[in-house]
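The values are calculated or read from the model by the stated rules, or taken from the named source; none is laboratory data. Everything quoted here is computed from the prediction, not taken from an experiment. Methodologically, a virtual Cβ is constructed for each residue, glycine included, from the backbone with ideal geometry; neighbour enumeration extends over all protein chains shown. Just so you know, the surface numbers come from the protein's heavy atoms only, side chains and all, with ligands and any DNA or RNA stripped out. Shrake-Rupley method; radii C 1.70, N 1.55, O 1.52, S 1.80 Å.
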Amino acid sequence: MIEVKNIRKGFGEKTVLNGVTVTMQPGKCNLIIGASGSGKTVFMKCMVGLLVPDQGEICYDDKDFNKLGAEEKKEIRQQIGMLFQGSALFDSLTVEQNIMFPLNMFTQDTYAQKLKRVNGVLERVNLKDVNKKYPAELSGGMKKRVGIARAIVLNPKYLFVDEPNSGLDPQTSLVIDKLVKEITTEYNITTVVNTHDMNSVMEIGDHIIFMYQGKKEWEGSNKEIIFNKNERLNEFIFASEFLKDAKDMRMLEQTGKISNDRDMDKLLPPG
Amino acid sequence: MTLFTEFGRYLLMIKGMFSKPENWKMYWKELMHQCNEIGIGSLGIVVIISFFMGAVSALQTAYQLVSPVIPMSTVAQIVRDTVILEFAPTLVCIVLAGVVGSKIASELGNMRVSEQIDALEIMGINTKAYLVLPKILASLIMIPLLVVISAALGILGGQLAATSAGILSANQYETGLLSNFQQYNVFFALVKAYTFSFLISSIPAYYGYHVQGGALEIGRSSTKSVVVSCVSILFADYVLAALLLQ
Ligand SMILES: Nc1ncnc2c1ncn2[C@@H]1O[C@H](COP(=O)(O)OP(=O)(O)OP(=O)(O)O)[C@@H](O)[C@H]1O
Ligand SMILES: [Mg+2]
């Protein structure tokens, strides 16, 4: 279990995280949403220990990560898999070597065993015939999948995914989202996903944390988010007029009332 | 950032390199890979510059030696000593600061910017130990070897240039080479080679490892690392000469 207790983080004068407390639910997809620049990546980097918070605790199974010694930190890190915003594949290695890298480093398996494992995870992320390709030869979506494969190859307990959908078309995004969700349930991983894509929120958001100006503004599930009363969150979700209309239609259907005083005629079908 | 903070971070990086490897075999493989990149990769340029610097110094020394009382074989002696004392270690290392240094800085810088270093850290790997240490060790192993090769080729280049220009015969050149040879000079050259190898690998590694930003900063840090390495080579050259040549 990951518990984040009141963390603060700033760069120079600028405060990015201003007291965030949240518990990541085990075996679920925990989503962190918020506008670009709201500190999602910084928050995730604090959680995995790439950044050290100025204040507060990050606890993995009740152990404060930043108070652990180097060896204990390494032990926890070996249970963490992470997909970075830009995939972060090693560009001097082929896909196969990329995924095999953690196995080479941390297991004593034979080459055949490792290859079997690599092919297993590649199949899991629906990639074929890419073993000998270099990252530069892959599309963005394929890179993300290789990144996921590398992140799960050592059977992690925790999976961190930063913006799985940035730069992907809606359909590919959906495939990646589903993959993350399936892997989470299948291996009972605690998954934390950063996103600003509302499709993913609705698709995979078991537990959603909305960040606003360095604070946790709202927390709930994808079922609750549509009917939430938080203005800032609604502003974020229903950014386009189209979505606002869609929401009002839905409210109208369900309750006979609409949430604000906008022009109702526009919503009704013509004629 | 002030000079002292930078120097402090540099020392911290050096200190952070020493930890137990997660897997000896992988570290060994990385070391061999770097030896190949750094050593074999710069062999060509070292061969070319050594040969020419020997040839040029033979011709120029002969040109300056106009006195009839000095025997022509002195040319060989002077070529030998300047090549061993200064040209092979210092000149070669300055060129390598450009070749090897920019490679190290841009490789690490690219890994930093594209978050590959973070990805390694997340896996539980000490990136200073896995990425930086093998580069420095490989430089310490390979660059002194290159310097030795360079000295030999420089002397050979001098001989070829001098004999083909008809300044002196091969025999005279050999007599000159053997007269008044001081082994201490070779020791001095090696001390320089090891010192410079450390500088031209650790300084670019520092700049590359700590890049912040994007592609533009990678280029900047690589340029800066070459400039800083060159200046520190010249400075160290002076200090070593003052200390060891009395
Ligand atoms: N290393 C750093 N130094 C200084 N400021 C930083 C640093 N990293 C992040 N910031 C600042 O922190 C703020 C939050 O950045 P962050 O990358 O976490 O945003 P984000 O929510 O992930 O955005 P996006 O959705 O675009 O990825 C930004 O204003 C950024 O300028
Ligand atoms: Mg981000």
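Remarks
- Test: residue in region A:21-43 that is open to solvent by less than 70 Å² (accessible area, probe 1.4 Å) and within 14 Å of chain B (Cβ to nearest Cβ): yes
- Applying the criterion of being in a loop (DSSP other than H, G, I, E, B) and open to solvent by less than 50 Å² (accessible area, probe 1.4 Å) to the residues of region A:84-109, the residue that is nearest to ligand 1 (Cβ to nearest atom) is A:Phe84.
- Of all residues making up region A:184-204, the number that are away from chain B (no Cβ under 14 Å) and either within 16 Å of ligand 1 (Cβ to nearest atom) or touching a helix residue (DSSP H, G or I) at 6+ places or on another chain (Cβ under 6 Å) (or both): 12
- Residue check, A:Gly81 facing another protein chain (nearest Cβ under 9 Å), under 17 Å from A:Asn194 (Cβ atoms), assigned to a strand (DSSP E or B) and open to solvent by less than 40 Å² (accessible area, probe 1.4 Å): yes
- Any hit, region A:110-118, residues being within 16 Å of ligand 1 (Cβ to nearest atom) and assigned by TED's automatic domain parsing to the domain that holds A:Asn18: no
- Yes/no for B:Val147 being surrounded by 24 or more Cβ atoms within 10 Å (Cβ to Cβ), under 28 Å from B:Phe18 (Cα atoms) and without any contact (Cβ under 8 Å) to a residue 60 or more places away in the chain: yes
- Taken over region A:16-57, the criterion of being over 28 Å from B:Asn126 (Cα atoms) and near ligand 1 (Cβ under 9 Å from one of its atoms) is satisfied by A:Ile32, A:Gly34, A:Ala35, A:Ser36, A:Gly37, A:Ser38.
- Residue count, region B:195-215 (criterion: small (Gly, Ala, Ser) and within 17 Å of B:Ala129 (Cα to Cα)): 4
- Considering region A:167-202, and only residues there that are under 11 Å from the mean Cα position of the chain (by Cα) and open to solvent by 50 Å² or more (accessible area, probe 1.4 Å), the residue that is farthest from A:Ala239 (Cα to Cα) turns out to be A:Lys181.
- Qualifying positions in region B:224-242 - surrounded by fewer than 16 Cβ atoms within 10 Å (Cβ to Cβ) and closer than 19 Å to B:Ser197 by Cα: B:Lys224, B:Val227, B:Val231, B:Leu234, B:Phe235, B:Tyr238, B:Val239, B:Ala241
- Sole exception among (1) more than 8 Å from every other protein chain (Cβ to nearest Cβ); (2) open to solvent by 20 Å² or more (accessible area, probe 1.4 Å) for A:Ile58, by number: (2)
- A:Gly205 passes every criterion in (1) away from ligand 2 (no atom under 16 Å from the Cβ); (2) crowded, with 20+ Cβ neighbours inside 10 Å; (3) farther than 20 Å from A:Lys5 by Cα; (4) modelled with pLDDT of 90 or more apart from (4).
- Selected residue (only one of A:Glu13, A:Glu71, A:Glu3 is within 11 Å of chain B (Cβ to nearest Cβ), more than 13 Å from ligand 2 (Cβ to nearest atom) and open to solvent by 10 Å² or more (accessible area, probe 1.4 Å)): A:Glu71
- Enumeration of residues in region B:15-67 that are of a type in the set (Ser, Thr, Tyr) and open to solvent by less than 40 Å² (accessible area, probe 1.4 Å): B:Tyr27, B:Ser42, B:Ser50, B:Ser57, B:Thr61
- When residues of region A:20-61 are limited to those that are in contact (Cβ under 8 Å) with a residue 40 or more places away in the chain and among the charged types (D, E, K, R), the one farthest from ligand 2 (Cβ to nearest atom): A:Asp61
- Residue check for A:Phe65: closer than 29 Å to A:Lys14 by Cβ and within 16 Å of ligand 2 (Cβ to nearest atom): no
- Just one of the listed residues (B:Glu107, B:Glu115) is open to solvent by 10 Å² or more (accessible area, probe 1.4 Å), at pLDDT 95 or above and either acidic (Asp, Glu) or in contact with a Lys or Arg (Cβ under 8 Å, 6 or more places away or on another chain) (or both), namely B:Glu107.
- The one condition from (1) within 14 Å of chain B (Cβ to nearest Cβ); (2) at pLDDT 95 or above; (3) not in a loop (DSSP other than H, G, I, E, B) that A:Ala112 does not meet is (1).
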